[in-house]
Amino acid sequence: MRTIVTLTMNPALDVSTSIHSVAPEIKLRCASPGFHPGGGGVNVARAVRFLGGAACAVYAAGGHTGEKLRQLLADEGIDQLPLPIAGTTRESFTCYEDSSGLQYRFTLPGPALSQREWRACIDACLDRQPDYLVVSGSLPTGVPSDFYAQLASRAHARRSRLIIDSGGDALQAAGSAGIFLLKPNLRELERLAGEALTDEGQIQQAAQRLIESGLTQAVIVSLGAAGAALATRADYVPLRAPVVPIRSKVGAGDSMVGGLALALAQGKSLLEAARFGVAAGSAAVMTPGTQLCRKDDAERLYAQMTSQAK
């Protein structure tokens, strides 16, 4: 099996709790909190493990929250490489309102990284010579606008296939980076395209323009409850998500990328890997709170999707 490394430049310690109802201007007494690892690449590595594979999570970490994140990942048996930074790892806060079933999510900004710190992150990833390098999540202050372009160039030189699940200015500045696979959601694809995308034909055209520009070899657009779509230079394949009971949408995107990366590492074709990624993402919405996908659910949904595709 090929190797997977994930990179999280702006990880988080996720804190979750619940309350009967949310109201302004009063003291709100919450239930006992739960603490979970957070951040795109961290959760991708966790999803890979929950699906029966292995991935090394490389991430920048500092302060007491960074140490708590390291301990939580160690408790889960995740192969990890925390890289020390001067700043303190951010926290995010999720509160479930029991009376309405609504979820409130608060995300704090992360610490700024120095040039030495963000370069150390790139070095650490590529020193492991991964077959697949997955970069997921936001970029912190201090990281340059050409970060993805630099990373893609060095990954290509090491023959590592780069998968990016992110958006923002740094991705727009990547130019003809030659990324192996890009996984935007619809909103991120619209930002890259510079226009609203209101039908499948427009989504296909926007995705294939990114491929033709040299930014990436393939695009998987996450479409929420509708599933996803795989675009290559020659093809566009809608991947409808299975209908499942929804308990929480948190972690669905990271589970999708984890399933995709694991399937590629196992030697599946890009189309089959994309299909397994959608199955893993659908499996994640079946779990409560901040839990990710379960292997049995993902494999059952993948078998169902494969059968329907024949």
Rounded to the nearest 0.05, what FRET efficiency do Ser213 and Arg2 have when you use their Cβ-Cβ distance and R0 = 25 Å? 0.35
For the range 260-267, in residue order, the Karplus 3J(HN,Hα) values (coefficients 6.51, -1.76, 1.60; θ = phi - 60°; whole Hz; Gly and Pro = x) are 4, 5, 5, 5, 5, 5, 7, x
With the other protein chains left in place, how much accessible area per residue, in square angstrom, belongs to the chain at a 1.4 angstrom probe? 45 Å²
Separation of the Gln172 and Ser269 label points, Cα + 7 Å toward Cβ, nm: 3.6 nm
Using DSSP, restrict attention to beta bridges with both residues in the chain and report what percent are antiparallel, rounded to the nearest 5. 35 percent
How much length is gained if the chain between Val237 and Ala54 is pulled fully straight, taking 0.36 nm per residue apart and subtracting their Cα-Cα distance, in nm to one decimal? 63.1 nm
Add -39500 (n - 2.57) for each DSSP H run of 4 or more in the chain, then divide by its residues: what number comes out at 222 nm, to the nearest 500 deg cm²/dmol? -11500 deg cm²/dmol
At what distance in nm do the modelled label points of Ala23 and Arg154 sit from each other, each positioned 7 Å from its Cα along Cα→Cβ? 5.3 nm
Whole-Å distance, taken between Cα centres, linking the range 21-68 and the range 79-145: 11 Å
Return the Cα extents of the range 1-91 along principal axes one, two and three, sorted largest first, each rounded to a whole Å. 53, 33, 19
I need to check one value: relative contact order of the range 51-163, counting alpha carbon pairs closer than 8 Å and at least 6 residues apart, in percent. 22 percent
Backbone HN-Hα couplings from phi across the range 283-289 [Karplus 6.51/-1.76/1.60, Hz, Gly and Pro as x]: 5, 5, 6, 7, 9, x, x
Residue by residue through the range 61-72, which ³J(HN,Hα) values in whole Hz follow from phi under the Karplus form 6.51 cos²θ - 1.76 cosθ + 1.60 (θ = phi - 60°), with glycine and proline marked x? 8, x, x, 5, 6, x, 5, 5, 4, 4, 5, 5
Among DSSP beta bridges lying fully in the range 1-147, give the percent that are antiparallel, nearest 5. 35 percent
Here are a few candidate values for Cα Rg over 2.2 N^0.38 Å: (i) 0.96; (ii) 1.08; (iii) 1.36. Which one was actually calculated from the structure I just gave you? (i)
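The values are calculated or read from the model by the stated rules, or taken from the named source; none is laboratory data. None of the values given here were measured: they were computed from a predicted structure. We place every Cβ from the backbone using ideal geometry, glycine too, and count neighbours over all the protein chains shown. Only protein heavy atoms, including side chains, enter the accessible area calculation; ligands, DNA and RNA are left aside. Shrake-Rupley method; radii C 1.70, N 1.55, O 1.52, S 1.80 Å.
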